[in-house]
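What follows is a short report on a single structure.
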Amino acid sequence: MRILVTGGAGYVGSHCVRALLRQGHEVWVYDNLSCGHRQAVPEASLIEGDLADVELLRSTMERTQAEAVVHFAAVAEVGESVVNPAKYYANNVIGTLNLLNAMRGAGVRRIVFSSTTATYGEPERVPIPEDEPQRPISPYGFTKLVIERALEDYARAYGFGYAALRYFNAAGASPDGDIGEDHKPESHLIPITLQVALGQRSEITVFGDDYPTPDGTCIRDYVHVDDLADAHLRALDRLVDGQGIKVNLGSGNGYSVREVIDTCRKASGHAIPVRLGQRRPGDPPRLIADASRARRELGWEPRYRDIASIVATAWHWHSSHPQGYE
Ligand code: UDP
């Protein structure tokens, strides 16, 4: 297939682009490089552009003759979305509507969309099933929920076939160490902890140890980026006009912040000093996926099942690229 990947130069996007190319698809990457990296994708595939550029979106659909879109391009920092919601509504809502309307104009109706656990807010049931009420508590989570609803409406009215993939905590890197996670500034637990191991930071701050969990720190479900990429390929194969697939993508296993830091110590062989800090606003104590629907509907099984194997690939990337893509 000819596939347009928005945000394909970003963290999850670049791993998906590789997987698509390996499957023999013709891939175009549409990315404004605000978070993405030119070096993460084949030069010839890159169209540098913004979702705000309606005319470029239109001409890109025409030029690439895309048959489907995989849509990663978004801003995705919960904390930032609270202080700068305008950026989130502009990029994630208006930007995505521009994309959907360019697709409509070109008669492209198949899309795989990056959604998130943040659409659930503070779920009552853990492991979280997909029918848990979606009550996001951050502007980020809400912008993603708006697009899930828009896709439902576009499916009903215009025959769009879509998949909304709700990621849990994306982690790890390509096992060959060629591409990986590089956010500036970095806010995520595993890369920050590995930067401490590399001597680039003096310590990792644990955001609260008085949660109702066995060791008092938050529990998350870490899922390998290559497993996420694989789910996108499977979803693309299963899109049906006028219908939607909504699935959680998590490993189904939860690890506490302290367990993750311990795993980073073992993987790197370095002592990693820890400082105890305040809770981070908006962090629920436990988020673990019920991933049984992805297994059923996509035939998806994560290959990386435990945190040690995920962190090993992250360490390989960070230790071989201490400055990221620079
Ligand atoms: N966390 C932490 N210190 C940090 C960064 C993250 O204790 O410097 C915790 C955070 O509170 C959460 C978990 O690690 O419980 C995962 O956070 P991350 O930002 O990696 O992903 P999120 O869960 O926000 O998507």
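Bear in mind these aren't lab numbers, they're just calculated from the coordinates by the rules spelled out. Not measured: the values here are computed from a predicted model. Neighbour counts run over all protein chains shown; Cβ positions are idealised from the backbone, glycine included.
Of the cross-linked pairs 144/184; 246/266; 184/266, those separated by over 31 Å at the C-alpha level are 246/266. Projection of the Cα convex hull of the chain, averaged over all directions and equal to a quarter of that hull's surface, yields 15.0 nm². Post the alpha-carbon centroid distance, segment 185-200 to segment 14-33, in whole angstrom. Segment 185-200 and segment 14-33 have Cα centres spaced 27 Å from each other. Note on residue 87: aspartates and glutamates with a C-alpha under 14 Å away, same-chain residues under 8 apart excluded, are 50, 77.
For the peptides 16-28, 36-48, residues were scored by their other Cβ atoms within 10 Å and the scores averaged per peptide; the highest-first order is 16-28, 36-48.
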